[in-house]
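Peer 1: Let me give you the structure first, and then I'll get to my questions.
What follows is calculated from the coordinates using simple rules that are stated; it is not laboratory data. Bear in mind that the values here come from a model prediction, so they are computed numbers and not experimental data.
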Amino acid sequence: HYPQFASLEYAGQSWHGPFGDAFSELDSSVGQLLQALEENDVANTTLVFFTSDNG
């Protein structure tokens, strides 16, 4: 869906335009979440569900 955008940190960083920029930021955010779970020793007792709406 449009418009697609990313924060200034990620804007223009992907070879795939605004969608790629936004997807890179999403990937980074999920990585930060998973890292925080590891750092707080709760990763092995936490379920992470990732869903999206395709329309």
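Peer 1: Return the calculated 222 nm mean residue ellipticity for the chain, to the nearest 500 deg cm²/dmol, obtained by summing -39500 (n - 2.57) across DSSP H runs with n ≥ 4 and dividing by the residue count.
Peer 2: Per the formula, -14500 deg cm²/dmol.
Peer 1: Explain nothing, just compute: Karplus ³J(HN,Hα) = 6.51 cos²θ - 1.76 cosθ + 1.60, θ = phi - 60°, for every residue of region 30-37 in order, whole Hz, x for Gly and Pro.
Peer 2: Result, ordered by residue: 5, x, 5, 4, 5, 5, 4, 4 Hz.
Peer 1: Continuing with the same structure: Quick one: divide the alpha-carbon radius of gyration of the chain by 2.2 N^0.38 Å and tell me what you get.
Peer 2: 1.37
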